[in-house]
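Where a number appears in this text, it was derived from the coordinates with a stated rule and is not lab data. This structure is a prediction, so every number in the text was calculated from the model and none was measured.
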Amino acid sequence: MALSPANRQKLLETTREPAIALAEDVAHLRQFAGKMDPTASELRRLSSILRRLLVERDLGAVAAPRIGKILLNAPDNKPFYK
């Protein structure tokens with residue numbers, strides 16, 4: 001279902017601060033993306049960012065009024081679980 005212009009504007013306003021935080025977090029994640037030996041403390045901090053973006057769905061909330069529904073591709077692990 002498409003967002004009406006009024007609803008889109010309301011969502012843009014309510015997700016402004018999370019969108020700023022998302023941009024900052026992505027920049028922080030990029031610093032460590034190519035690092036070969038991150039420390040345990042760096043991994044803990046990065047995992048909290050990823051948890052907030054993916055599990056707590058901040059990424060979807062920020063993306064919805066800006067670019068629409070966001071889909072992430074992931075491998076199918078069911079054969080390995082069996």
Worksheet item: Can you list the aspartates and glutamates whose alpha carbon is less than 12 Å from that of residue 78, not counting same-chain residues fewer than 8 positions off?
Response: none
Worksheet, complete the sentence: By the Cα gyration tensor axes a ≥ b ≥ c (a/c under 1.5 gives rounded; else a/b larger than b/c gives prolate, otherwise oblate), the shape of segment 17-68 is prolate
Worksheet entry | segment 22-28 - phi-based ³J(HN,Hα) in whole Hz, Karplus 6.51/-1.76/1.60, Gly and Pro as x | 4, 4, 5, 5, 5, 4, 5
Worksheet item: So between residue 80 and residue 7, what do we pick up on full extension, going 0.36 nm a residue minus the alpha carbon distance?
Response: 22.0 nm
